[in-house]
Every structure is written in C-alpha cells, then in structure tokens.
Amino acid sequence: MTGITEVDLDEVIVHFSPSVITNENDYLELANDCKNRIAEKNEIISNMKRSFIMLYTFITRYMQTDEDPFLQEAKMIIDECLKNYINIE
C-alpha cells in the first residue's frame, strides 16, 4: 500500500471539475471519494506510528543491554518502512 500520488489527485480533479459536476449525486460521489482517501491515509499513518513505537522500544532496550539482536530487529523495521511507505528497496 503506497498511498495516493499526485497523479491520482489530478485524475480526481479532472473527473470532478465544476464543468463535469452536474447534480447532487456527483457531489456525493466526490465526498465519498475524499472520505475513502482520508481513511486510507489514516491507516498508513497508524501503521507508521506503530513502526516508530517498535523502533523506539528496540533501540531503548539495546541501550540498556547492548545486545545486537535488538539493533538487527530495528534495522528490519526500518527496511520494511522504507519499502512500504517510501518505495525504497
């Protein structure tokens, strides 16, 4: 799940330009599309928050114990976040 791009937003703007919106149903469709996009972004943000909390926990635990597996686990989480949210592999 990579989220919404500028291209996606451009398509929505073109599809729902004032000249295309002719009735109340078009406005409802636009509102539902916006609601769905916001829900999708909120899910992504929730997942990112969870990842940051896990990272903080692993790094804090590493600082208390100096055990390398905690750093390895933190690196795996960072790799996953880069791949899922920023499209870097």
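The values are calculated or read from the model by the stated rules, or taken from the named source; none is laboratory data. From a predicted model like this one, the values you see are computed outputs, not experimental measurements. No Cβ is skipped: glycine too gets one built from the backbone with ideal geometry, and neighbour counts run over all protein chains shown.
Annotations
- Any hit, region 40-50, residues being surrounded by 12 or more Cβ atoms within 10 Å (Cβ to Cβ) and over 22 Å from the mean Cα position of the chain (by Cα): no
- Residue that is farthest from E89 (Cα to Cα) [pool: residues in region 51-77 that are among the polar types (S, T, N, Q) and within 27 Å of the chain's Cα centre (by Cα)]: T60
- Scanning region 49-77 for residues that are touching a helix residue (DSSP H, G or I) at 6+ places or on another chain (Cβ under 7 Å) and β-branched (V, I, T) yields I59, I77.
Every residue, every condition in (1) in a helix (DSSP H, G or I); (2) of a type in the set (S, T, N, Q); (3) in contact with a Gly (Cβ under 9 Å, 6 or more places away or on another chain); (4) at pLDDT below 90, yes or no:
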{"position": "I4", "(1), (2), (3), (4)": "no, no, no, yes"}
{"position": "V7", "(1), (2), (3), (4)": "yes, no, no, yes"}
{"position": "I44", "(1), (2), (3), (4)": "yes, no, yes, no"}
{"position": "K49", "(1), (2), (3), (4)": "yes, no, no, no"}
{"position": "Y56", "(1), (2), (3), (4)": "yes, no, no, no"}
{"position": "K75", "(1), (2), (3), (4)": "yes, no, no, no"}
{"position": "D79", "(1), (2), (3), (4)": "yes, no, no, no"}
